[in-house]
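Beneath this line is the structure, given in structure tokens, with notes to follow.
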Amino acid sequence: MISEERLREIVQRILTELETEEKLKRKQRKIYMLCTSHWDDRFPAYLKKMTESPDFLVYPVIPLSWKEQGYEEILLAYPSCGGILYRSCEKPFDLDQTVTVLPVVPRDVVVKTALCITDTYETDWIASCMEAGSQVVFARNGLARFSGKEPEAYKNQILSYYRTVLTYGITICGGEEAVPQPVPRTEYTAVCRNEEKKRVITASNIEQMAVNGVLLINHRDIVTDLALDRAKFLNIVLKEQDCEVKG
């Protein structure tokens, strides 16, 4: 006999899928917000941010216990929230058509992802995204910070794990970049140096700004280390010339 809790999960999943079908008809892109087991204010903050992007609907993936604790109600209150998926349910079948965002990224998630260890819910989900060829985004402000007291060798090892996950195609970004919306390449046009302005080129826009494997830069541009790693992985050449590319 199916328990009442299991029946509730099945009904919730069916309702979520029906809502998804209805909302996908409106051409809205779907984002899974993968939540860690502990509540964090950065989860509702991300939903609040996404209300500014009506082309997206966010589906938080949460522990079932959050329903009783009132956290689910907080998330559902945001217009950008398209529905709830419980961690106890099976993974959705549309990972290949969606984006997964982690507003909070514990260090062990980064390390285990880099080492291809899938013994937690988060790393198993990320591995499924890798297998489905779908996009995974780590929010930069959700990464664990260094205390400043760590040995240099320890810091370098952790940073190497960040570089490794970038080679898997995972994006680390923040702010406006946390909205996974590709920028059409046709929007970029060349301008002369006397009109140039400094750009900060990050790992999240390397692929968007490159044309035929070449990314045009000027002498004032700032290219982050993670962007350089991403360009190397994608075999994209950074080339400086008299004109820059401007959006």
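Whole-Hz Karplus values for the range 210-221 come out as 7, 10, 6, x, 10, 10, 7, 10, 10, 5, 8, 5 Hz, taken residue by residue from phi with 6.51 cos²θ - 1.76 cosθ + 1.60 and θ = phi - 60°; glycine and proline positions read x. Using 0.36 nm per residue and subtracting the Cα-Cα separation, the extra length available between Y154 and T51 on full extension is 33.2 nm.
Derived scalar couplings between HN and Hα for the range 140-147 equal 4, 6, x, 6, 5, 8, 6, 7 Hz in order, rounded to whole Hz, by the Karplus curve 6.51 cos²θ - 1.76 cosθ + 1.60 (θ = phi - 60°), x for Gly and Pro. Within the shell defined by Cβ-Cβ distances under 9 Å, the residues around C89 carry a net charge of +1, with Lys and Arg each +1 and Asp and Glu each -1.
Between L216 and V211, K239, the built amide H atoms are under 5 Å apart, and every one of these is 5 or more places off in sequence or on another chain. Find out how many positive minus negative residues lie around S65, taking Lys and Arg as positive, Asp and Glu as negative, among other residues whose Cβ is under 14 Å from that of S65. So the surrounding residues net to -2.
Each of D40 and Q28 was given a label point 7 Å from its Cα along the Cα-to-Cβ line. The distance between the two points is 2.5 nm. Each residue of the range 42-56 was assigned a 3J(HN,Hα) from its phi angle through the Karplus expression (A = 6.51, B = -1.76, C = 1.60, θ = phi - 60°), giving 6, 5, x, 5, 5, 4, 4, 4, 6, 5, 7, 10, x, 7, 10 Hz with x at Gly and Pro. Per residue, the accessible area of the range 1-157 comes to 55 Å², computed with a 1.4 Å probe over protein heavy atoms only.
For the range 42-143, carbon and sulfur atoms together expose 51% of the accessible surface, with a 1.4 angstrom probe and every protein chain in place. Around the amide H of R199, modelled in the peptide plane, lie the amide H atoms of D221, I222, all under 5 Å away and 5 or more residues distant in sequence or on another chain. Note on E240 and D96: the extension gain reaches 48.3 nm, defined as 0.36 nm multiplied by sequence separation minus the Cα-Cα distance.
Dividing the C-alpha radius of gyration of the range 37-114 by 2.2 N^0.38 Å, with N its residue count, gives 1.12.
The values are calculated or read from the model by the stated rules, or taken from the named source; none is laboratory data. If you're wondering where the values come from, they're calculated on a predicted model, not measured in any experiment. For neighbour counting, all protein chains shown are included, and Cβ atoms are generated from backbone atoms with ideal geometry for every residue, glycine included. Areas reflect the complete protein model, heavy atoms only, side chains present, ligands, DNA and RNA absent. Shrake-Rupley method; radii C 1.70, N 1.55, O 1.52, S 1.80 Å.
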